[in-house]
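Participant: Pasting a structure below so you can have a look.
The values are calculated or read from the model by the stated rules, or taken from the named source; none is laboratory data. Please read these numbers as outputs of a predicted model, since none were measured by experiment. A quick note on method: Cβ atoms are made from the backbone with ideal geometry, for glycine too, and the neighbour counts reach across all protein chains shown.
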Amino acid sequence: MDSSVHFEANASSRGSRMRGVALAPHTRLLLLLALVVASGPLVIPNAYFYDVAILVAFNAIVCVGLNLLIGYAGQISLGHAGFFALGGYGTALLTTRYGVPPLVALAGAVAAVALLAFVVGRPILKLKGHYLAMATLGLGIIVSIVLTTEDRITGGPDGMQVPALTLLGFAVQGERVWYWIAGGALLATVFVVSNLIDSPTGRALRALHTSEIAAEVVGIDTARHKLLAFIVSASLAAFAGALVAFYSGFVTPAKASFLHSIELVTMVVFGGMASTGGAIVGAAVLTVLPQVLTVFKDYEMVVFGALLMATMIFMPRGIVPTLAALVLRRS
Amino acid sequence: MDAQWVQFVAGGLTVGSIYALVGLGFSIVFNASRVINFAQGEFVMIGGMSAVSLLIAGWPMPLAIGGAIVVATIVGLLLAKVAIERARRADVVTLIIITIGASILLRGVAQLVWDKSVHRLPPLSGDAPLQLFGATIVPQSLWVLGATVAIVAALTWFFRRTRLGKAMLATSHNKLAAELVGIDVKRVLLASFGLAAALGAVAGVLIAPIAFTSYDTGIMLGLKGFAAAILGGLGSFPGAIAGGLALGLLEGVGAGYVSSAYKDVIAFVVILAVLFLRPDGLFGALRGERV
Amino acid sequence: MTTGRAPSGLRVERLAKAFGGVHAIDNLTFAVQPGTVHSIIGPNGAGKTTLINLLTGVYRPTAGRILFEGADLTGMPPHGFAAAGIGRTFQNLQVFFNMTVVENVMTGRHRLEDCGLLPTLLRTPALARCERESRARALELLRFLGLSGRADARADSLPYGALKRLEIARALAGEPRLLLLDEPAAGLNPTEAREIDELIRKLAGTGTTVVLVEHNMHLVMGVSDRIVVLDHGRLLAEGTPETVRDDPRVVDAYLGAAQETEAAHA
């Protein structure tokens with residue numbers, strides 16, 4: 001198409017200047033993350049901190065997935081802990097009751113949760129805003145109550161034991177081994193989710209966040225895309241839940257609690273919406289914070305609640321995007 | 001079996017009245033600000049716990065109740081002023097998370113101010129159970145039902161006859177028009193939160209003798225009050241009342257005849273059913289979104 | 001308009017849309033030949049935007065049919081209309097403000113892209129190639145519309161006139177065979193409006209059918225092959241610009257007022 005139609009030649013803004021290094025932002029994140037994970041053992045002093053790092057990684061996996069749903073697709077879920085817990089319980093049940101090998105059980109549990117998300121997602125995602133929030137909340141609590149009540153199957157409030165994860169016949173034990181597993185799982189998650197975001201599908205999700213009508217009108221099946229984001233984020237939550245189950249050796253209904261769902265949303269919102277790096281930062285800060293605050297254990301809820309409110313009132317886009325914007329404005 | 005049925009109905013109506021009061025709080029705030037205040041349940045908790053404290057401090061019962069309501073109202077006004085007013089133009093997700101943060105903060109503060117144990121308020125007219133229609137009913141139940149009726153009547157008078165009440169009603173129908181007519185919408189927002197907090201506190205004070213109170217009773221009561229509000233149609237006052245009573249009855253009958261372990265699930269199944277089947281609730285007060 | 005021809009272009013048959021008791025569109029029938037420029041005019045409230053919404057699946061008709069290139073699209077969701085090759089712009093801009101300019105246009109290509117879920121998740125070379133092509137085509141379109149200087153700027157940094165052009169670029173990215181423009185010249189100064197005029201002619205020249213809703217009579221009379229006049233949701237008149245301009249009913253209902261506004265602008 002030649003430009004025989006003349007439009008006023010508007011002065012070029014700084015927008016089209018070439019970036020210094022030709023690396024996509026998500027590749028940069030992946031490399032940075034790999035660097036952080038690889039250098040971990042050099043700085044981590046003892047087993048306690050390895051434990052914290054592992055928990056950060058597992059929470060980050062859930063948050064990256066949840067961020068896809070909340071930050072990119074613009075939906076909300078106040079019941080994601082339900083998916084997390086079901087991943088753990090599914091794994092526990094398959095291994096203890098049916099003798100399924102651990103890795104297969106993990107895959108099976110994640111697949112089952114993905115299926116559940118598919119079945120539940122279709123009707124639920126027709127809702128918007130407050131109503132979607134309440135529906136996901138309700139579902140999460142129902143899962144939590146069922147897990148607590150059906151004690152013959154789930155072991156009730158005390159939960160169930162989970163046997164050790166075995167890879168190629170060797171039992172996975174010890175915090176160092178788990179550190180690499182957690183780090184690797186997080187890197188794989190970030191790889192997959194970043195690819196999803198940097199693709200036509202990712203743009204479709206971002207589009208429907210801003211204007212569902214305009215998205216539909218360019219041919220995006222918004223219902224299907226919302227469902228995709230929902231299923232992916234639910235599956236990632238289940239994946240993390242299963243890994244946590246293997247790591248800690250047990251599952252309890254508390255993992256499905258409303259409070260846990262809120263913690264997860266807080267991590268995403270605090271770290272940064274529509275920012276994969278932000279989700280990881282949020283998970284890191286809010287996993288480490290309670291550990292730091294064990295001295296002030298009684299103040300945990302106050303700090304948490306205040307943090308949540310302050311972030312949403314003063315930095316509604318979350319820490320990482322707000323800081324990034326500040327840095328950009330200076331340069 | 002008749003006596004048992006009356007028992008379940010009586011219990012259901014009692015707890016249903018509490019849900020109705022909490023649900024009213026949700027609807028009032030929603031009408032003024034389109035915000036669903038997840039902290040609504042905490043006002044119930046603050047009401048009950050404050051009354052306990054004031055009683056222990058030596059205040060006579062009526063003053064303790066009044067004081068508790070005042071405390072909760074102040075907290076409600078603070079929440080509106082500090083958080084909601086500032087974030088008025090934020091999107092839905094942001095507002096939801098702010099109120100959730102508020103509820104966690106309030107619970108955390110409650111844990112520090114009070115403790116984690118369960119407390120009980122003495123009932124308003126003694127413990128001796130009454131026999132009505134073959135069922136055993138605690139006198140406090142009658143107080144709950146009676147107070148709820150009185151409050152509903154008072155609210156109806158408030159919204160129809162007082163300037164502030166009419167302003168609140170007008171704002172709920174059409175905020176822009178209300179502003180154009182000179183109604184101070186910010187004041188309406190504050191008043192709504194204050195009123196919702198007061199209602200929650202009353203509910204807390206009424207139910208504490210029966211169901212006890214502790215720093216975390218707010219969560220479930222809040223959620224169930226919300227279920228009541230949307231069952232009747234979010235924003236509708238008669239809807240919140242009908243919804244609350246209906247939910248209470250469903251729980252009472254369900255717990256009695258089906259399974260008491262799953263009693264709490266009923267409220268959430270109700271939420272889901274309403275949202276999927278009839279989002280406007282039984283009394284459908286919501287208008288849809290414009291394309 | 002004979003019906004015995006091979007099916008092509010847009011056909012609207014006895015279309016109706018009621019909102020409660022209000023008949024926004026009532027018993028509307030007309031056809032648009034492929035490759036022509038068809039304008040829809042009428043006073044405010046005549047139902048023009050409702051008609052565009054019906055023609056893109058945003059509203060479901062309460063009666064009647066919509067046929068495009070022989071296929072019955074009635075009742076399909078908007079993405080179904082898009083898949084059939086219909087694109088549109090909006091009167092109230094619906095730009096994707098959370099993306100860059102070029103990403104907006106790349107999103108417009110959605111119906112033509114089918115990269116598959118697994119290649120997406122693993123970022124196969126095929127997907128990377130898909131993305132590169134998509135970006136290249138988007139940049140071409142931006143060049144065509146004079147926006148290439150701002151390709152990587154965030155969409156919310158653009159001025160109003162540029163945003164209107166961006167929406168057109170996005171709509172064109174899907175290579176539509178029918179393009180519906182809802183008041184493309186609204187809010188533009190005379191120079192910008194002239195540019196839109198040229199753009200529409202160029203598009204019609206490439207074989208794209210253009211349906212235009214506009215108040216700017218100068219633009220409408222100059223660029224249209226045929227004009228449909230709506231009044232209170234009904235067809236008031238339909239014909240060439242000359243016929244419509246001289247139709248006494250149209251002058252009565254609409255053009256009298258429009259010409260006054262024209263005089264004010266001149």
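Participant: Looking at segment A:225-237, is at least one residue under 21 Å from C:M99 (Cα atoms) and facing chain C (nearest Cβ under 9 Å)?
Facilitator: yes
Yes or no, residue by residue, for (1) more than 14 Å from chain B (Cβ to nearest Cβ); (2) in contact (Cβ under 8 Å) with a residue 60 or more places away in the chain:
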| site | (1), (2) |
| --- | --- |
| A:T252 | yes, yes |
| A:L264 | no, yes |
| A:V268 | no, yes |
| A:G277 | yes, yes |
| A:P290 | no, no |
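Participant: Give segment A:41-98 a look and list any residue that's among the hydrophobic types (A, V, I, L, M, F, W, C) and within 14 Å of chain B (Cβ to nearest Cβ), or say none.
Facilitator: So the first thing to find is which residues in segment A:41-98 are among the hydrophobic types (A, V, I, L, M, F, W, C), and the list is A:42-44, A:47, A:49, A:52-58, A:60-64, A:66, A:68-70, A:73, A:76, A:78, A:81, A:83-86, A:92-94.
Within segment A:41-98, A:L66, A:L69, A:I70, A:A73, A:I76, A:L78, A:A81 qualify.
Participant: Okay, moving on. Residue under question is B:V29, and the condition is that it be touching a Ser or Thr at 6+ places or on another chain (Cβ under 7 Å), of a type outside the set (F, W, Y) and not in a helix (DSSP H, G or I); does it hold?
Facilitator: No; evaluated as a whole, the condition is false for this residue.
Participant: Go through (1) in contact (Cβ under 8 Å) with a residue 12 or more places away in the chain; (2) over 19 Å from A:V218 (Cα atoms); (3) of a type in the set (A, V, I, L, M, F, W, C); (4) in a helix (DSSP H, G or I) and name the single condition C:V251 misses.
Facilitator: (1)
Participant: Additional query: Within segment A:73-100, can you find the residues that are part of a loop (DSSP other than H, G, I, E, B) and either under 15 Å from A:A245 (Cβ atoms) or among the basic types (K, R) (or both)?
Facilitator: Within segment A:73-100, the subset part of a loop (DSSP other than H, G, I, E, B) is A:73-79, A:99-100.
Across segment A:73-100, the qualifying residue is only A:V100.
Participant: In this structure, does A:F58 turn out to be in contact with a Gly (Cβ under 6 Å, 6 or more places away or on another chain), closer than 19 Å to A:G249 by Cβ and surrounded by 21 or more Cβ atoms within 10 Å (Cβ to Cβ)?
Facilitator: Numbers: in contact with a Gly (Cβ under 6 Å, 6 or more places away or on another chain): no; closer than 19 Å to A:G249 by Cβ: yes; surrounded by 21 or more Cβ atoms within 10 Å (Cβ to Cβ): yes.
The answer is no for A:F58.
Participant: Turning to a different aspect of this structure: Taking into account only those residues within segment A:279-330 that are closer than 26 Å to B:R107 by Cα and among the basic types (K, R), which is modelled with the lowest pLDDT?
Facilitator: Once the filter is applied, the top-ranked residue is A:K297.
Participant: Quick check on this structure: which one of A:S257, A:S248, A:S233, A:S261 is crowded, with 24+ Cβ neighbours inside 10 Å, hydroxyl-bearing (S, T, Y) and within 23 Å of A:P157 (Cα to Cα)? Please lay out each step first, then the result.
Facilitator: Numbers: A:S257 fails: crowded, with 24+ Cβ neighbours inside 10 Å; A:S248 fails: crowded, with 24+ Cβ neighbours inside 10 Å; A:S233 fails: within 23 Å of A:P157 (Cα to Cα).
Result: A:S261 is the single residue among A:S257, A:S248, A:S233, A:S261 that is crowded, with 24+ Cβ neighbours inside 10 Å, hydroxyl-bearing (S, T, Y) and within 23 Å of A:P157 (Cα to Cα).
Participant: Kindly indicate which of C:I66, C:I25, C:I86, C:I40 is closer than 30 Å to C:A155 by Cβ, crowded, with 17+ Cβ neighbours inside 10 Å, hydrophobic (A, V, I, L, M, F, W, C) and more than 9 Å from chain A (Cβ to nearest Cβ). Steps first, answer last, please.
Facilitator: Details: C:I66 fails: closer than 30 Å to C:A155 by Cβ; C:I25 fails: closer than 30 Å to C:A155 by Cβ; C:I86 fails: more than 9 Å from chain A (Cβ to nearest Cβ).
Answer to the check: C:I40.
Participant: Shifting gears a bit: Could you tell me whether any residue of segment C:194-211 is under 12 Å from C:I40 (Cβ atoms) and touching a strand residue (DSSP E or B) at 6+ places or on another chain (Cβ under 7 Å)?
Facilitator: Checking segment C:194-211: at least one residue is under 12 Å from C:I40 (Cβ atoms) and touching a strand residue (DSSP E or B) at 6+ places or on another chain (Cβ under 7 Å).
Participant: Could you list all residues from segment A:271-309 that are buried (at least 22 other Cβ atoms within 10 Å of the Cβ), more than 25 Å from A:Y48 (Cα to Cα) and over 13 Å from the mean Cα position of the chain (by Cα)?
Facilitator: Residues satisfying the conditions are A:G305, A:L308, A:M309.
Participant: Considering only residues that are touching a Phe, Trp or Tyr at 6+ places or on another chain (Cβ under 9 Å), among the basic types (K, R) and facing chain A (nearest Cβ under 10 Å), look in segment C:155-201 and name the one that is surrounded by the most Cβ atoms within 10 Å (Cβ to Cβ).
Facilitator: Result: C:R170.
Participant: Which ones in segment B:246-276 are modelled with pLDDT of 80 or more, more than 24 Å from B:N31 (Cβ to Cβ) and among the β-branched types (V, I, T)?
Facilitator: B:V253, B:V265, B:I266, B:V269
Participant: Could you tell me which of the residues A:V146, A:V110 is assigned to a helix (DSSP H, G or I) and more than 14 Å from chain B (Cβ to nearest Cβ)?
Facilitator: A:V110
Participant: If you scan segment B:89-121, which residues turn out to be surrounded by fewer than 14 Cβ atoms within 10 Å (Cβ to Cβ) and more than 7 Å from chain A (Cβ to nearest Cβ)?
Facilitator: B:R89, B:D91, B:V113, B:D115, B:K116, B:S117, B:V118
Participant: A further question follows. For segment B:277-291, state whether one or more residues are over 20 Å from B:T14 (Cβ atoms), at pLDDT 80 or above and at the interface with chain A (Cβ under 9 Å from one of its Cβ atoms). Show your work before the answer.
Facilitator: First pass over segment B:277-291, keeping only residues over 20 Å from B:T14 (Cβ atoms): B:277-291.
Now narrow it down to the ones that are at pLDDT 80 or above: B:277.
Now restrict to residues that are at the interface with chain A (Cβ under 9 Å from one of its Cβ atoms): none.
No, because not a single residue in segment B:277-291 is over 20 Å from B:T14 (Cβ atoms), at pLDDT 80 or above and at the interface with chain A (Cβ under 9 Å from one of its Cβ atoms).
Participant: Test each condition in (1) farther than 22 Å from B:Q4 by Cβ; (2) in a helix (DSSP H, G or I) for B:L234 and report the one that comes out false.
Facilitator: The single condition B:L234 does not satisfy is (2).
Participant: On to the next question. Condition first: within 9 Å of chain A (Cβ to nearest Cβ), outside any loop (DSSP other than H, G, I, E, B) and either of a type in the set (F, W, Y) or farther than 25 Å from C:G149 by Cβ (or both). Now tell me which residues in segment C:111-132 satisfy that.
Facilitator: Matches in segment C:111-132: C:R111, C:L112, C:L117, C:P119, C:T120, C:L121, C:L122, C:L127, C:C130.
Participant: Can you name the condition, by its number, that A:G219 falls short on among (1) buried (at least 23 other Cβ atoms within 10 Å of the Cβ); (2) assigned to a helix (DSSP H, G or I); (3) of a type outside the set (A, V, I, L, M, F, W, C)?
Facilitator: If we test A:G219 against (1) buried (at least 23 other Cβ atoms within 10 Å of the Cβ); (2) assigned to a helix (DSSP H, G or I); (3) of a type outside the set (A, V, I, L, M, F, W, C), just (2) comes out false.
Participant: Just one of B:G48, B:G66 is modelled with pLDDT of 85 or more, in contact with a strand residue (DSSP E or B) (Cβ under 7 Å, 6 or more places away or on another chain), away from every other protein chain (no Cβ under 14 Å) and over 24 Å from A:F314 (Cβ atoms); which is it?
Facilitator: Numbers: B:G66 fails: in contact with a strand residue (DSSP E or B) (Cβ under 7 Å, 6 or more places away or on another chain).
Within the list B:G48, B:G66, the selection yields B:G48.
Participant: Then there is this: Can you find a residue in segment C:83-95 that is over 22 Å from C:G233 (Cβ atoms) and in a helix (DSSP H, G or I)?
Facilitator: Yes - at least one qualifying residue is present in segment C:83-95.
Participant: Of these, A:Y179, A:Y131, A:Y89, which one is among the hydroxyl-bearing types (S, T, Y), buried (at least 21 other Cβ atoms within 10 Å of the Cβ) and under 19 Å from the mean Cα position of the chain (by Cα)?
Facilitator: A:Y89
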